[in-house]
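A short write-up of the structure that comes next.
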Amino acid sequence: MAKRVTKTSKKPSFIPLSVPYLSGNEMKYLKECIETSWVSYLGPYVSRMEEQMAKRVGTARAVATNSGTAALHTALLVAGIGTGDEVLVPDLTFIATANTVRYCGAAPVFMDVEPDYWQMDIHKIERFLSEECRNEDGKLINKKSLRTIKAIMPVHLLGHPCDMDRLLIVARKYGLLVIEDCAQSLGTLYKGKSVGGLGDIGCFSYNGNKIITCGGGGMITTHRTDWDARARYLTTQAKDSPIDYVHEAIGYNYRLTNIQAAVGVAQLEKLDSYVKIKRRIASRYEQALGKIPGITFPKTAPWAFATHWLFTIVVDPLRYGKTNRDLQKAMEDQNIQTRALWAPLHEQRPYLDAQAYRIEVTPHLFQNALSLPCSVNLTTREQDRVIACIQHLAAPR
Ligand SMILES: *Cc1c(COP(=O)(O)O)cnc(C)c1O
């Protein structure tokens, strides 16, 4: 034990992957909640956060939820996804995206991402829909499963937007709804417009590792006032009468509290400055690491204003001389936290029986990618330590 303590104390200071930064009015607003006893689901901060999100995303409405997962689950229910339906989901994303499809009794069909920006491959989606599905009584039937395809769930991965114009053309052509998973992309713009207002409904997350946080929380954004009303109803236990306990549907306890929203409102005030910092961190990494043979990163599309939520590199073991896991280990020795990307969903135990269409890119990214520290409060000196570590491990040439 003593030996271990000595060893750790010699280590340079810890650099985390991505941690919350609470630098604004969080404490002031929280104090107000406690002093006024507005701590639960009703309260001025919940409404304020919803109004500010709707304004930022450019939708008529926004409904706060207690997690991004709850937002996605509710959005799918509101969109009418149910038992026996299918939803196209990217193979590379955090597993919550696919889980929420299963919560509704529906099945995800996993689609590949393209190698440039790592977003859902729209060319493959179109090919899948035209070759593997058929139209029957106005329904799009998957020829293999015989289930009805109802929606596409693009995930704007790592703070970079999908090509939504192209995706929407395909979705409209086949009569599919578009549910945007924006959990990693608050602040991200597509052709100058915020993600979350481009499809039929959008979902955000304020989990602790996202660009801003309120401890935990989520938001549903939509242009449709009827969907807004339905989402409010389902997230508050589907109460049909304000007085009596009458329920016409199975509801959920999914609402955000005023305490969480107080932190959320304070964080939203900081979002633009955080986005600026994230983009600066990414561009410093790109400049320094772009020169190292065997280290690459996803490109930024011409339509994108990316927030670089988690800055992620790809390590080519042949050219770099080491694998991403070697690099991760070397970083760990320097007390620098990094993370591999999510394992392809079609390889995860709950989804071994799910359909996956022509997956080629996601296993390669899982094998070789590594996310680097990029907290909003990462100092230049800390970033230089990360860069130096990657430079030093590179194969001598
Ligand atoms: C974080 C995340 C979620 C889930 O959000 P929570 O607030 O943690 O429930 C869903 N989808 C993606 C892509 C995420 O990154």
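Read-outs: derived from the displayed coordinates by stated rules, not from any lab. Given the structure is predicted, the values throughout are model-derived calculations rather than measurements. A quick note on method: Cβ atoms are made from the backbone with ideal geometry, for glycine too, and the neighbour counts reach across all protein chains shown.
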Using the structure shown, decide if residue 340 is more than 28 Å from residue 23 (Cα to Cα) and without any contact (Cβ under 8 Å) to a residue 60 or more places away in the chain. yes
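Within the group 93, 69, which residue is touching an Asp or Glu at 6+ places or on another chain (Cβ under 9 Å) and touching a residue at least 24 places away in the same chain (Cβ under 8 Å)? I'd like the intermediate steps shown before the answer.
On the way: 69 fails: touching an Asp or Glu at 6+ places or on another chain (Cβ under 9 Å).
After applying the criteria, what remains is 93.
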For the stretch 108-123, indicate whether the set of residues that are in contact (Cβ under 8 Å) with a residue 60 or more places away in the chain, within 13 Å of the chain's Cα centre (by Cα) and under 18 Å from residue 69 (Cα atoms) is non-empty. no
Can you tell me which residues in the stretch 297-324 are assigned to a helix (DSSP H, G or I) and over 13 Å from residue 372 (Cα atoms)? 317, 318, 319, 320
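Test residue 304 against the stated conditions and say whether it is touching a helix residue (DSSP H, G or I) at 6+ places or on another chain (Cβ under 8 Å) and within 30 Å of residue 274 (Cα to Cα). Before the answer, list the steps.
Details: touching a helix residue (DSSP H, G or I) at 6+ places or on another chain (Cβ under 8 Å): no; within 30 Å of residue 274 (Cα to Cα): yes.
For residue 304, the condition - touching a helix residue (DSSP H, G or I) at 6+ places or on another chain (Cβ under 8 Å) and within 30 Å of residue 274 (Cα to Cα) - is not met.
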Given the structure, is residue 112 in contact with a Lys or Arg (Cβ under 6 Å, 6 or more places away or on another chain), of a type in the set (Asp, Glu) and away from the ligand (no atom under 16 Å from the Cβ)? yes
Residues of the stretch 195-221 being surrounded by fewer than 24 Cβ atoms within 10 Å (Cβ to Cβ) and over 26 Å from residue 236 (Cβ atoms), which ones? 209
Restricting to the stretch 178-193, and then to whatever is among the hydrophobic types (A, V, I, L, M, F, W, C) and in contact with a Leu (Cβ under 9 Å, 6 or more places away or on another chain), can you tell me which residue is surrounded by the fewest Cβ atoms within 10 Å (Cβ to Cβ)? 178
Could you list all residues from the stretch 279-303 that are buried (at least 21 other Cβ atoms within 10 Å of the Cβ) and farther than 19 Å from residue 381 by Cβ? 295, 298
Somewhere in the stretch 72-87, is a residue under 17 Å from residue 254 (Cα atoms), near the ligand (Cβ under 9 Å from one of its atoms) and either in contact (Cβ under 8 Å) with a residue 40 or more places away in the chain or in contact with a strand residue (DSSP E or B) (Cβ under 7 Å, 6 or more places away or on another chain) (or both)? yes
Kindly provide the set of residues from the stretch 120-163 that are buried (at least 18 other Cβ atoms within 10 Å of the Cβ), more than 16 Å from the ligand (Cβ to nearest atom) and hydrophobic (A, V, I, L, M, F, W, C), ordered by number. 122, 125, 128, 129, 133, 149
Quick check on the stretch 377-397: of everything there that is in a loop (DSSP other than H, G, I, E, B) and in contact with a helix residue (DSSP H, G or I) (Cβ under 7 Å, 6 or more places away or on another chain), which residue is farthest from residue 279 (Cα to Cα)? 395
